[in-house]
Structure formats: structure tokens, C-alpha cells
Ligand SMILES: *Cc1c(COP(=O)(O)O)cnc(C)c1O
């Protein structure tokens, strides 16, 4: 593998044209689409229309005339094919953290005779914090955190819910979603999947995999904009029995009759809580239109190829720089990212940014590169590693300005 091979891959890339659908700063290589997706070119005009026409002119009438009230379900339906979800099993609402809490509570209620929420130690903090919050509210619930290699042994008849991230945010390791779901079902446990790092980039196949519940972010690979609303998935077979603990009026069967007591809406509508952010939904809807003709299998295939290039480029250009690849090398065992442990990961990340390559840093000591298959050419990944190799060789990362901490790493 060399740079010319990457250029050849770009010439034959069926996704090459998708790059034009995004605004990207000139000369920048963006390896952080896993943290904040890039801006689709159609989003500004769409937001301007919602602001000026629907809000400015339509005012409150737009809840009906511009379809605001149906926006969460409409945007959810647009997302469904990307996740392998049949209709009416998704809703857009709130943040991933909040949806995780809602679904974890609901899932544990479906297995009242069991106590354990089993999750991976070192998973994304919000998942653990919210599981702890549930345990604090409900002493019947016990949170068990285990190293990945211990999960299988601990998954037994005591487990109510297996809560896993499809792709680990720090290491990029990927769980086999279908296999773990089947394993959980064999012992009668339910699954709740966090798809933060897979929605919009990997095949999730939620229905075919038999997944019970799932949540994920709108602002990462889905490009919905900073703080975009989150999605949640409830398999059709659980929808009648699973309830939202946050009984807000938007999840009521008849919100606009203003009844004294709560009655859960049928289907996915009950997973809403309060008034949705219409501006944020409009940005997410515009982004999902960008994905309209794209097949998740094709996205995953290119993301894997980009990861292969990064690994090959590291081997070719940085063999002795002391990087430890935390991400599994086997393509099906990793997400669309590569995580490199290095004692100087932070100043290297800062120096990379100064040289026009945006990656990110996760403590302790991990340089993380995300591979959005829509934004990136194969050669971009090769070139990003070249930039890293140059600044490593030249010691440019030692400059004092690259040692300073930042609020958001
Ligand atoms: C990014 C991320 C989140 C973020 O949750 P928010 O509520 O959107 O802040 C949750 N879980 C995982 C695994 C993530 O990577």
C-alpha cells in the first residue's frame, strides 16, 4: 500500500461524489467526523427556510402547516433504513444520555425478577453514570461492569439488560451486535445498544439482529449538527409493554386535549417527553437527506478500507515512533476509527491540528482518528499519517503551545 494505491482507490470509489455534499474548510483533513460530523451543504438553506418562513412568517401556525408536530416521527422514518429498522420502531427525541436512561429503566421493568444491568467497564462514561443513577433510584437494580473478556461468563439468568456500545469510543473495538444479542436472548436477557459510533457508518441491521432497544447520536457520523437530537429504537414486540419513565406531555396519547392524568401514546410517540427542538430537527433532517441513496454496507466497506490505509501508512511511515494501536486490526472487529496510544498523544494531536489535520484526544494518552466515508478520500488518510510522521520526526509537537490543555480536548 502506498500513496498511488490510495489515489487509485479514490478513482474507483463509488462514494467519491458524496464529499461534494459537505462544506469542508479548504486544505483541512477532517478525522473527527466521529465526534462532530461535517456540515451538509444543504443545511444552511434548510435552516434559513425554517427560521424565516416557518418561524418568521408562519409563527405558531407552523406546528400544523409546516409539519412541525410530526417532525420527530418523520425524521425517525428517514433514519430507519440506515439502521436496518422497519417502520415505526424509531423516535427522535432528547439526547443520547436521556434516551439511554429512559430505555434502561423501561428494559429493567420488563425483567422485574432480575436485578443485573451488565455493561462493559471503561465504556463511555454517560452510559455508566446513568446506569448508576438508575441503581440509585431503584435499589433492586445492580450495575455490574466487566472487562470485555469477562462479559460472556457473567451473562447469565441474573441479567435483566445487557448494555453495550456497538463500537467502543476510546479503543474503536466493535462488538458483534447480532452475536451478543443472541447470547443475551439465550439466557432471557434484553439488549440495549449504544450506537453512538456506528449510526451512519456501520451496518447495524437492528431488526435482523433481534435487537431489543438502541440509542444513538445525531451529531456524529449522521452529521446532524452540534447537539443534534438523539434517536431511540424499541423493537415492535416490546412497544406495548415498555414505558417511558419521563411521562411528559409530548408522550401522552392526546397531548393537545390537556388531560389531568397521563396516558402513554401508542407506538413510538410515547418516547417523546417535551416540545421538540424544531431547528435542531430541521438540521438533522437535512443531513439524513444526504444519506438517502446510500447503503450502510457501502459506507462500512469504505470506512474499513480507510482504517486499513491508516494501519498500512502507520507501518510504512511511523514504524518506530512508539504508537500502540488499541483498535483491533481485523476489519470486522473495529469501528470507523483508529485509536493510537502514545505518551505524547496530546501535544501530537495539537500539532496535527496546527498542520491541518483534525483528529481528537481521549485520556489517558489516546490519539483518535475517525474515518467518515462520506468526507474522506483514501489519500486523505494516507496524507494525514504523513503529516503525523513529519511532525514526529521534526519534533514539532514539543513546541510549548501544543502542551496547553483545552476545555474540550
Ligand atoms: C458521544 C457518545 C454519547 C453522547 O451522549 P450525549 O447525550 O449526546 O452527550 C453517548 N454514548 C456514547 C457511546 C458516545 O460515544
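The values are calculated or read from the model by the stated rules, or taken from the named source; none is laboratory data. Predicted model, so just to flag it, every value in this text is computed and none were measured. Here the Cβ is made from the backbone with ideal geometry for all residues, glycine too, and neighbour counts use every protein chain on show.
Before moving on, here are some points about what is shown:
- The range 1-36, residues that are assigned to a loop (DSSP other than H, G, I, E, B), more than 16 Å from the ligand (Cβ to nearest atom) and closer than 17 Å to residue 301 by Cβ: 1, 12, 13, 14, 15
- In this structure, residue 311 qualifies as at negative phi, assigned to a helix (DSSP H, G or I), out of contact with any helix residue (DSSP H, G or I) (no Cβ under 8 Å at 6 or more places or on another chain) and buried (at least 17 other Cβ atoms within 10 Å of the Cβ).
- Whenever a residue of the range 191-207 is without any contact (Cβ under 8 Å) to a residue 60 or more places away in the chain, its partners that are within 13 Å of the ligand (Cβ to nearest atom), lying with C-beta atoms within less than 7 angstrom and at least six residues away or across chains, give the pairs 193/164; 193/166; 193/214.
- Residue 237 vs. criteria closer than 18 Å to residue 88 by Cα, crowded, with 24+ Cβ neighbours inside 10 Å and more than 16 Å from the ligand (Cβ to nearest atom): no
- Single match in 190, 246, 202 (criterion: within 16 Å of the ligand (Cβ to nearest atom), at pLDDT 95 or above, touching a helix residue (DSSP H, G or I) at 6+ places or on another chain (Cβ under 8 Å) and farther than 20 Å from residue 95 by Cα): 202
- Looking only at residues in the range 105-121 that are surrounded by fewer than 19 Cβ atoms within 10 Å (Cβ to Cβ) and under 22 Å from residue 239 (Cα atoms), the one that is farthest from the ligand (Cβ to nearest atom) is 113.
- Residue within the range 18-27 that is within 21 Å of residue 207 (Cα to Cα) and touching a residue at least 12 places away in the same chain (Cβ under 8 Å) present: no
- Qualifying position, being buried (at least 23 other Cβ atoms within 10 Å of the Cβ) and either under 18 Å from residue 3 (Cβ atoms) or over 21 Å from the mean Cα position of the chain (by Cα) (or both), among 340, 376, 318: 376
- In the range 122-163, the residues that are assigned to a loop (DSSP other than H, G, I, E, B) and away from the ligand (no atom under 14 Å from the Cβ): 138, 139, 140, 141, 147, 155, 156, 157, 158
- Enumeration of residues in the range 69-117 that are more than 16 Å from the chain's Cα centre (by Cα), in contact (Cβ under 8 Å) with a residue 60 or more places away in the chain and part of a strand (DSSP E or B): none
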